[in-house]
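The values are calculated or read from the model by the stated rules, or taken from the named source; none is laboratory data. This structure is a prediction, so every number in the text was calculated from the model and none was measured. Here the Cβ positions follow ideal geometry from the backbone for every residue, glycine too, while neighbour counts run over all protein chains shown.
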Amino acid sequence: MRGLVTVLLALMVAVVLIPAAGLRTAGAAAPATLNVYINGDTNILDLWSKSLLPAFSKRYPQYRANMVGLMHGNGGQGVLDKLIAAKRAGRTTDVDLWETEPSMVEQGIPEGLWVKLSDKLVPNLGKVPAEKIAATGGYGAPYRGSSVVIGYNSQFVKNPPKTFDDLVAWIKANPGKFTYCDPNTGGSGQAFVSAAIYRFASPEKFAGNAYDPKEETAWEPAWKLLRDLQPAMYNNGFHPNGNVAVLQLLGQQNIYMASVWSDMGLDFSKRGLVPKTVKFEQISPPLFGGDSTVTLPSFSAHLEGALTLLNWLLTPEAQQMVISDVSGYPGVDWKYMPDSVRKQFADVAKPYSPLPNAKYLADIKRLWHDRVAAGQ
Amino acid sequence: MTGTGLDPHAATPVPRRREGLRQGALGLALVLPPLLVLAFLVALPAVTAVIETLTPAGGGGPTLANYARVLGARTLRADIVFSVGITLVSVAVVFALSYPLALYLRFSRGRAARVLGVLFVVPLFVPVVIASFAMITFLVNHGFVSTLLYQAGVRAFPRLVYNGTGIVLTQVWVNIPFAVLILGAGLQAIDDALIDGARDVGAGPLRTFASIILPLNAVPTMIALTLLFIGVFGSFTIPYLVGGNAPAMLGVTMTNYLTQYLQRAQAVTIAVLAFLIASVVGVVYVASVSRRERGAR
């Protein structure tokens, strides 16, 4: 009798264990699939799907990656809601890594959604300037950046302006040869308008989370300055729609100078969409810019894989792709990049001003339209 | 009513009533989907929008504060005036070009008329976005028109895009086929005998046009004008792409207030104002159509 029980027990154990063991071996053989959620324009989605992720899977065959593209950040709120719901229900999530805007990361912090990153978890994070990580509260890993710079056609502009005041003087001296895009339609226009605001008011006051519309009286001198510049703008005060339209005007030599995004400008230059004589430089005080960060949900099903991916993202191999594919600034310190890259970016790779927060930015756009474009 | 309803006296009216009921139900079933769409996707949002504009942000009774704020802003007043102005000019130019074309296509029998009859509808098949970009490359400095004028010795080149002129030119290009089709359909319906009769009693072409064609085609004309007005007034793509920064047409202004300035209340208020302006024209349309219906009966 006792023998029978033993045999039965042994059988039961075998029945339970064998498939489990079988599954485990199968798991080790089949690569785990990481779900990577990416906000961005086509160029960023291509960077991930065509360059970064295939190279990562090649380097780490135990992982595959599935990209979920959120074009222009559409659907970002849905992803955040999904993460919050899973966290509150005590489940794991299939979002293993998310590139998104700071406002989404901000909203997830009180819910405890994210991994607090450090160079203990991700060794290569040690190569990223500490202040860049501090700016994200430690919840985002800056892996690429860009800023707005001044693009100019060196065929016509021999002595490009070095400061914002020089730039204003140049615009007045060369009517019709400069413009910035309508701030409603692109960051490169917002950067020029913000530079005018920062000329008379401290950037820090408008970059943080605080918001008080009364502070906006400090913008009055900027509106006057911009209004006075209108007659000297391209086509007697025309501001095209979007970052690309300005680059096209520069390419067609309708204008000789404009504020443009560093990554877009360098990319246009590389693809021959603007003449080779178009150069880019940062002025002083600098125009605004920012880092794009990736964030890891702390309760993802493949946290280890996500950490591996993040660490790889900050290797020279991956950072080089950021530079060659989208002409972005590297997330790691410039000193870790090869000389050739540093030379290529020498004129633009300088510190940049902070972006105004979302509420001030909305008011900047509205007031620009009222005070500058409509001229009142 | 405890029986089975087989009362012999009731036998005759019951099937007729059933028949009527069934037909009514069928009619209702057919009308219901569009009616529901209208109720839930048009009427309900419109009503909630109006309520929203009348509700103050801090709570409390209905107020016109949102309207006072929108109409008090000089830039927004300028946008409203600009939108109505651009719309009226566009409609007038479209009409002035379409009517002769419609007349020509109706009364000419030659091969040229047949070719033209096919050609003029082409813009109808070109998406508005593409048409807008085509107009920009055509009209912009260093574009086709400016190069041509430069060759002809014209040095002072007027701005044809990124302002009201550009919007009007593009609207005209896009809307001519639509206007010609409606006006042409009206002209087709005029009996040749009436025109021949007018000629027989000695009326010249102008007199025939003024006394026979114009009045007989009045209803299609009103329909064309009102639909053109509402189409141009409510447009977004053309003013966004071809227009300037300020003043802007209301479609662009609304979008900016909603998505760029994060001022929803203002955006909705502007939408309600735009709706009021369009509804004035809508009344004219409904009056024209119902007059035609009465005439048909």
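Just to verify a result, which residue in region B:249-260, among those that are at pLDDT below 90 and in contact with a helix residue (DSSP H, G or I) (Cβ under 8 Å, 6 or more places away or on another chain), is farthest from the other protein chains (Cβ to nearest Cβ)?
Ranking the qualifying residues of region B:249-260, first place goes to B:Leu258.
Does any residue of region B:127-135 turn out to be under 30 Å from B:Ile277 (Cα atoms), within 14 Å of chain A (Cβ to nearest Cβ) and surrounded by fewer than 18 Cβ atoms within 10 Å (Cβ to Cβ)?
yes
Return yes when A:Val260 is buried (at least 24 other Cβ atoms within 10 Å of the Cβ) and in a helix (DSSP H, G or I) and no when it is not.
When the stated conditions are applied, A:Val260 does not pass them.
Determine whether A:Asp291 is in contact with a strand residue (DSSP E or B) (Cβ under 8 Å, 6 or more places away or on another chain) and assigned to a loop (DSSP other than H, G, I, E, B).
In short, no.
Between A:Val278, A:Val326, which is more than 14 Å from chain B (Cβ to nearest Cβ) and either over 27 Å from A:Leu52 (Cβ atoms) or among the polar types (S, T, N, Q) (or both)?
After applying the criteria, what remains is A:Val278.
Looking at (1) in contact with a strand residue (DSSP E or B) (Cβ under 7 Å, 6 or more places away or on another chain); (2) within 23 Å of A:Val278 (Cα to Cα); (3) modelled with pLDDT of 95 or more, which is the only condition A:Tyr234 fails?
So the condition that A:Tyr234 fails would be (3).
Within region B:216-248, can you find the residues that are facing another protein chain (nearest Cβ under 10 Å) and small (Gly, Ala, Ser)?
The answer is B:Gly243, B:Gly244, B:Ala246, B:Ala248.
Which one of A:Thr93, A:Thr100 is crowded, with 16+ Cβ neighbours inside 10 Å, modelled with pLDDT under 90 and either of a type in the set (S, T, N, Q) or touching a helix residue (DSSP H, G or I) at 6+ places or on another chain (Cβ under 7 Å) (or both)?
A:Thr100
Please go through region A:159-199 and pick out each residue that is surrounded by fewer than 18 Cβ atoms within 10 Å (Cβ to Cβ) and part of a helix (DSSP H, G or I).
A:Asp165, A:Asp166, A:Ala169, A:Lys172, A:Ala173, A:Arg199
Being within 17 Å of A:Pro203 (Cα to Cα) and either in contact with a strand residue (DSSP E or B) (Cβ under 8 Å, 6 or more places away or on another chain) or in contact (Cβ under 8 Å) with a residue 60 or more places away in the chain (or both) is the filter here, so list the residues in region A:358-367 that pass it.
A:Ala358, A:Lys359, A:Tyr360, A:Leu361, A:Asp363, A:Ile364, A:Lys365
Read through the list (1) part of a helix (DSSP H, G or I); (2) over 28 Å from A:Asp46 (Cβ atoms); (3) under 20 Å from the mean Cα position of the chain (by Cα), then give the number of the only condition that A:Arg371 fails.
Going through the list (1) part of a helix (DSSP H, G or I); (2) over 28 Å from A:Asp46 (Cβ atoms); (3) under 20 Å from the mean Cα position of the chain (by Cα), A:Arg371 breaks only (3).
It is to be established whether one or more residues within region A:223-242 are buried (at least 23 other Cβ atoms within 10 Å of the Cβ) and more than 14 Å from every other protein chain (Cβ to nearest Cβ).
The answer is no; no qualifying residue exists.
Take the residues of region B:141-178 that are over 30 Å from B:Leu227 (Cα atoms) and of a type in the set (Val, Ile, Thr): which is nearest to the other protein chains (Cβ to nearest Cβ)?
Looking at residues that are over 30 Å from B:Leu227 (Cα atoms) and of a type in the set (Val, Ile, Thr), I get B:Thr147.
Hey, does region B:180-200 have a residue that's in contact with a Phe, Trp or Tyr (Cβ under 7 Å, 6 or more places away or on another chain) and within 17 Å of B:Leu97 (Cα to Cα)?
Yes, region B:180-200 contains at least one residue that is in contact with a Phe, Trp or Tyr (Cβ under 7 Å, 6 or more places away or on another chain) and within 17 Å of B:Leu97 (Cα to Cα).
Out of the residues in region A:200-215 meeting the condition of being in a helix (DSSP H, G or I) and within 12 Å of A:Leu361 (Cβ to Cβ), tell me which one is nearest to the other protein chains (Cβ to nearest Cβ).
The residue in question is A:Phe206.
Might you let me know whether region B:72-82 holds any residue that is under 24 Å from B:Ile230 (Cβ atoms), more than 14 Å from every other protein chain (Cβ to nearest Cβ), surrounded by 12 or more Cβ atoms within 10 Å (Cβ to Cβ) and in contact (Cβ under 8 Å) with a residue 60 or more places away in the chain?
No, that holds for no residue.
If only one of B:Leu214, B:Leu148, B:Leu225, B:Leu194 is in contact (Cβ under 8 Å) with a residue 40 or more places away in the chain and of a type in the set (A, V, I, L, M), which one is it?
Residue meeting the stated conditions: B:Leu225.
Which residues, counting only those in region B:254-269, are polar (S, T, N, Q) and closer than 16 Å to B:Ala78 by Cα?
B:Asn256, B:Gln266, B:Thr269
Which of the residues spanning region B:100-143 are in a loop (DSSP other than H, G, I, E, B) and at negative phi?
B:Ser108, B:Arg109, B:Gly110, B:Phe120, B:Val121, B:Val126, B:Pro127, B:Val140, B:Asn141, B:Gly143
Could we say that A:Tyr152 is surrounded by 18 or more Cβ atoms within 10 Å (Cβ to Cβ) and in a loop (DSSP other than H, G, I, E, B) here?
Against the criterion (surrounded by 18 or more Cβ atoms within 10 Å (Cβ to Cβ) and in a loop (DSSP other than H, G, I, E, B)), A:Tyr152 does not qualify.
Looking only at region A:331-376, count every residue that is crowded, with 21+ Cβ neighbours inside 10 Å, more than 9 Å from every other protein chain (Cβ to nearest Cβ) and in contact with a Lys or Arg (Cβ under 6 Å, 6 or more places away or on another chain) and tell me the total.
Going through region A:331-376 one residue at a time, the tally reaches 2.
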